[in-house]
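What follows is a short report on a single structure.
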Amino acid sequence: MRIDKHPILDFSSRKKIRFTFEGKEQYGFEGDTIASALHALGVKHLSDSIHKKRPRGFYCAIGNCASCNMIVDGIPNVRTCITPLKEGVDVRMQEGKGRF
Amino acid sequence: MRQAEVVIIGAGPAGLAAAKPLLDVGAEVTLIDRSAMLGGQLTKQTHMFFGSEKQHASKRGIDILKLMVEAIETYPNLTVLTETTVVGLYADKVVSCVKDDHYFKIQAQYILIAAGASEKSLPFENNDIPGVYAAGAVQTLMNVYGVKPGDRVIMVGSGNIGLIVSYQLMQAGVQVPLLLEAADTISGYLVHASKIRRLGVDIRMNTSIKRALGETSVEAAEIWQLDENWQGIEGTETIIPCDTICLSVGLAPLTELLQQAGAEVKYVRELGGHVPKINQHYETSLDAVYACGDVAGIEEASSAMISGHIAGIEIALKAGYTVANANDILPRLRHDLRNLREGPHGEKIRIGLKKLGVA
Ligand SMILES: Cc1cc2nc3c(=O)[nH]c(=O)nc-3n(C[C@H](O)[C@H](O)[C@H](O)COP(=O)(O)OP(=O)(O)OC[C@H]3O[C@@H](n4cnc5c(N)ncnc54)[C@H](O)[C@@H]3O)c2cc1C
Ligand code: FES
């Protein structure tokens, strides 16, 4: 789901960044956040809500709402929409409030 | 505890504009933003700006941002903290921050809150499933990260943001078959609406979304017509396949930090929600704590830049610095701000500011 042609912006020639999602190796690009890299891979469902266990994706994409919370390198409640994607990072879906 | 003369929370157009006059007089400025990039909403605005020449109208938001950052980045008296979220603010001007999962405090002498706003949501069945996104979020995803939100988007809301983001979605190769508006008129600029209509977007008035369909993400939207009291009319429902529902239904100022510190706020509908009571110097009810930009009332980038510029000068003056030509510059900036708020599109702001008692 990457933009391939754009009249104003150029997203070509960016470095690949490897990471794992749910233990499986994936890659995104330099400049991605964790959430944008996942979305580009077609992953929209990032966590399950606290009480009703309903699927959650991102909502605001700028760090306001916590809808994109995931477990990153073992730390829960990381706002993945504003966390830059780093080489080798381990990303997992979060259930409810998450666990260390 | 870290010490700082002036802490600016938020590096959008308001915070960036405020930093410049403070750096010019030699004040030590710490500029904090939770994002990895400076620029706030400007980072995703690929369209040419409306507004006045002096605030860079007819340049793209992303280019304006470059100019604003270049204007301050080389000052030795500037400290920039990105990927840093301010999580607490206290009346004695202690700012608490989190960076890289690490907590620290800063004792400031002057604080400017330029935290901007958050996008509102809309109540409807299944509005919490993945694929229901705020319009600004979709814009960020596309224009900052180069990722499409989906292949087929239904936009809700005909304000300028809804209209502009619809256009930008099509620029990125995404279909936008439908834009829904609950009212009976388009609330943004007609030029923007005409442009997307020409590209084939069906703009439907008196229509809204009833529910989203889909298990783990959006697969369709059920829409319906509204009566004059904005109530859905039974029997008018249609199901439209789509993978994204984009909500552009307004913004609310991010005043939580100000409220936590005990600054007086007032609910003013026209300004987007709770806004701080500021005086003409942009100072809140707390001594030496200032607020400007969208956090002080939802407007636009041009006014955020001017209010930031004024607030920066006001803080410098209060701190005892001499600002060259302040007596000429301040009235001119206030005049520019009044100009921006003229005309029918500025009416809401004018009413709001009157209610707040600052106009
Ligand atoms: C789609 C769209 C199109 C627009 N088009 C135009 C246009 O054509 N012309 C125009 O004039 N205006 C336009 N605007 C409006 C304009 O972008 C905003 O009014 C303007 O950006 C407000 O500036 P600001 O500096 O107050 O806030 P923002 O730009 O929102 O910046 C606030 C900053 O504060 C940071 N922040 C918030 N809370 C914290 C915290 N606790 N800790 C650390 N950092 C924090 C945020 O990360 C952000 O970077 C548009 C807006 C949108 C969304
Ligand atoms: S989507 Fe709102 S904080 Fe990440």
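Taking the DSSP beta bridges in the protein assembly as shown as the whole, what percent of them are antiparallel, to the nearest 5?
DSSP beta bridges in the protein assembly as shown are roughly 55 percent antiparallel.
Check cross-link reach from residue A:97 to the lysines: straight Cα distance under 27 Å, and skip same-chain residues fewer than eight apart.
By straight Cα distance, residue A:97 reaches A:24, A:44, A:52, A:53, A:86, B:99, B:105, B:120.
For the stretch B:179-232, compute Rg over Rh where Rg is the Cα radius of gyration and Rh is the Kirkwood radius from the inverse mean 1/r over Cα pairs.
1.05
For peptide B:171-177, what's the mean number of Cβ atoms from other chains within 10 Å of each residue's Cβ?
On the way: counts 6, 8, 4, 2, 0, 0, 0.
Mean shielding by partner chains, rounded to a whole number: 3.
Quick one: how many Å² of residue A:86 are accessible to a 1.4 Å probe, rounded to 10?
Rounded to the nearest 10, the figure is 110 Å².
Relative to the first principal axis of the alpha-carbon coordinates of chain B, what is the inclination of helix B:13-24, with its axis defined by its Cα atoms, in degrees from 0 to 90 and to the nearest 10?
In chain B, helix B:13-24 runs at an angle near 10 degrees to the longest axis.
Give me the inter-chain shielding for B:27-37: mean count of other chain Cβ atoms within 10 Å, whole number please.
2
Springs between alpha-carbon pairs under 10 angstrom, Gaussian network model over chain B: which of B:95, B:165, B:25 fluctuates most?
Answer for the Gaussian network model of chain B: B:25.
Taking a 1.4 Å probe, which of A:12, A:47 shows the most accessible area, and what order do the others take after it? Walk me through the numbers before you get to the answer.
Working: A:12 65, A:47 10 Å².
Solvent-accessible surface, decreasing: A:12, A:47.
Let me confirm the definition first: pairs of Lys residues in the stretch B:201-359, 8 or more apart or on different chains, C-alpha distance under 27 Å. How many are there?
Lysine pairs meeting both conditions in the stretch B:201-359 amount to 11.
For the stretch B:121-247, give me the percentage of DSSP beta bridges that are antiparallel, rounded to the nearest 5 percent.
In the stretch B:121-247, DSSP labels about 40 percent of beta bridges as antiparallel.
With each run of n ≥ 4 DSSP H residues scored as -39500 (n - 2.57), what mean residue ellipticity at 222 nm is computed for chain B after dividing by its residue count and rounding to the nearest 500 deg cm²/dmol?
Taken over chain B, the calculation gives -8500 deg cm²/dmol.
Which residue fluctuates the most in chain B, going by a Gaussian network model with Cα springs under 10 Å, if the choices are B:336, B:227, B:100?
Highest fluctuation among the options: B:100.
From the P(r) of chain A, could you give the percentage of C-alpha pairs in the tail past 24 Å?
20 percent
Quick one: ranking A:10, B:287, A:32 by accessible area, 1.4 Å probe, largest first, what do you get?
Numbers: A:10 115, B:287 95, A:32 5 Å².
Solvent-accessible surface, decreasing: A:10, B:287, A:32.
Excluding ligands, DNA and RNA, what is the solvent-accessible area per residue of chain B at a probe of 1.4 Å, expressed in Å²?
42 Å²
I'd like the distance separating the alpha-carbon centroids of the stretch B:5-80 and the stretch B:184-219, in whole Å.
Centre-to-centre distance over Cα atoms comes out at 33 Å.
Taking each residue in B:81-90, count the Cβ atoms of any other chain within 10 Å of its Cβ, then average. What number comes out?
Numbers: counts 0, 1, 4, 0, 3, 0, 0, 0, 0, 0.
Across the residues of B:81-90, the mean count of other-chain Cβ atoms within 10 Å is 1.
Using a Gaussian network model of chain B with C-alpha springs under 10 Å, which one of B:178, B:190, B:258 is most mobile by mean-square fluctuation?
Looking only at B:178, B:190, B:258, the biggest GNM fluctuation is shown by B:190.
Would you kindly work out the equivalent ellipsoid of the stretch B:121-247 from its C-alpha gyration tensor and give its semi-axes, the square roots of five times the eigenvalues, largest first in whole Å?
21, 18, 12
Once neighbouring chains are kept in place and the probe is 1.4 Å, which whole percent of the accessible area of the stretch B:7-120 is contributed by carbon and sulfur?
52 percent
Which angle between 0 and 90 degrees, to the nearest 10, do you get for helix B:347-356 versus the longest principal axis of chain B when only C-alpha atoms count?
Roughly 50 degrees between the two axes.
So what's the back-of-envelope 222 nm ellipticity for chain A, counting only DSSP H runs of four-plus at -39500 (n - 2.57) apiece and dividing by all residues, rounded to 500?
-1500 deg cm²/dmol
Restricting the count to DSSP beta bridges whose residues both fall in chain A, what percent are antiparallel, rounded to a multiple of 5?
Numbers: 14 of 18 bridges.
Counting DSSP beta bridges with both partners in chain A, the antiparallel share is about 80 percent.
Of the chymotrypsin sites (Phe, Trp or Tyr not before Pro) in the stretch B:158-253, which ones lie in a loop per DSSP and count no more than 12 other C-beta atoms within 10 Å?
B:230
Which whole-number percent gives the relative contact order of chain A, counting Cα pairs below 8 Å spaced six or more residues apart?
30 percent
How many square angstrom of accessible surface are buried between A and B, both sides summed, with a 1.4 Å probe and rounding to 100?
Adding both sides of the contact gives about 3200 Å².
The values are calculated or read from the model by the stated rules, or taken from the named source; none is laboratory data. These numbers come from a predicted model, not from an experiment. Quick reminder, even Gly has a Cβ in these numbers, built from the backbone with ideal geometry, and neighbours come from all protein chains shown. Just so you know, the surface numbers come from the protein's heavy atoms only, side chains and all, with ligands and any DNA or RNA stripped out. Shrake-Rupley method; radii C 1.70, N 1.55, O 1.52, S 1.80 Å.
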